[in-house]
Amino acid sequence: MSDLPELPSVLDTLRDHVLRHSVKRGEFTLKSGATSSWFLDTKQTACRADGILAVADALLEVMPTEADAIGGLTMGADPVAFGVAAVAATRGRHLRSFSVRKEAKDHGVTGRLAGALLPSDRVVVVEDTTTRGTSLLEAVEVVRALGAEVVFASVIVDRGTTCADLCATAGVPYRPLLTARDLGFEPGT
């Protein structure tokens with residue numbers, strides 16, 4: 001690990017967890033259709049108690065204090081949003097959490113949003129991993145359609161190079177917790 005970039009302690013703890021539990025090596029086809037010799041199953045970090053604590057420590061340090069809610073496109077955002085909201089509550093910071101469904105539900109409470117999001121909320125949109133950023137931006141569009149304001153976006157790991165540009169174009173402040181380079185890989189590979 002000596003060839004990895006130096007990170008602040010809170011991110012170093014998260015990186016260690018991701019490298020131990022979430023990085024898989026082999027031959028993989030990514031959602032984008034590209035092939036890669038490594039894969040991130042960051043739910044292996046977000047769905048473990050010590051992992052979500054590391055994610056919460058890192059994310060709560062960088063996200064705006066005025067945020068009211070946290071969520072994103074299901075399934076990638078769910079453990080991050082729900083876990084960070086729960087950890088934040090134990091620290092006196094109250095965030096509502098929500099999911100954006102992949103398709104609109106046509107019965108019961110209809111639409112694409114599920115959870116405690118309000119139209120007046122200032123929102124942090126999250127995802128576990130991104131390569132291009134399209135899922136993150138899809139969630140941003142749904143949140144904005146409700147009338148809520150997206151004040152920040154983040155992912156546990158950004159393995160690509162386009163998400164920051166997409167967020168900038170959409171007017172969304174973006175900061176990944178970790179990047180491919182932080183893990184010792186080239187972006188997009």
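See the values below:
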| item | result |
| --- | --- |
| Estimated inter-spin distance, LEU53 and THR90, nm [label 7 Å along Cα→Cβ] | 0.7 |
| Cα-centred dipole magnitude for the stretch 9-181, charges only on beta-carbon of K, R (+1) and D, E (-1), debye, nearest 20 | 280 |
| Listed residue (ALA180, LEU53, ALA104) projecting farthest to the positive dipole end of the chain, Cβ model | ALA104 |
| Per-q log10 I(q)/I(0), the stretch 1-96, q = 0.16 Å⁻¹ (Debye; single scatterer per alpha-carbon; no solvent) | -0.75 |
| The stretch 9-181: radius of gyration and largest Cα-Cα distance (Dmax), Å | 15.3, 46 |
| Relative packing of peptides 123-135, 37-49 - highest average C-beta neighbours within 10 Å first | 123-135, 37-49 |
| Share of alpha-carbon pairs per 5 Å distance bin for the stretch 137-189, given as whole % | 5, 20, 26, 21, 14, 9, 4, 2 |
| Helical mean residue ellipticity (222 nm; -39500 (n - 2.57) per DSSP H run of 4+; nearest 500) of the chain | -10500 deg cm²/dmol |
| In degrees, nearest ten, helix 134-146 long axis to first principal axis of the chain (Cα) | 20 |
| DSSP-defined beta bridges in the chain - what % are antiparallel, rounded to 5 | 30 |
| Residues of type aspartates and glutamates that LYS24 reaches as a straight line, Cα spacing below 18 Å, ignoring anything fewer than 8 places off in the same chain | ASP16, ASP41, ASP128, ASP158, ASP182, GLU186 |
| Ranked MET75, MET63, criterion: other C-beta atoms within 10 Å, fewest first | MET75, MET63 |
| Relative contact order (%) - criterion: Cα under 8 Å, at least six apart; region: the stretch 3-139 | 21 |
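Readers should treat all values here as calculations from the given coordinates under stated rules, not as data from a laboratory. The structure presented is a predicted model; accordingly, all values stated were derived computationally and were not measured. All Cβ positions, glycine included, derive from the backbone under ideal geometry; neighbour counts span all protein chains shown.
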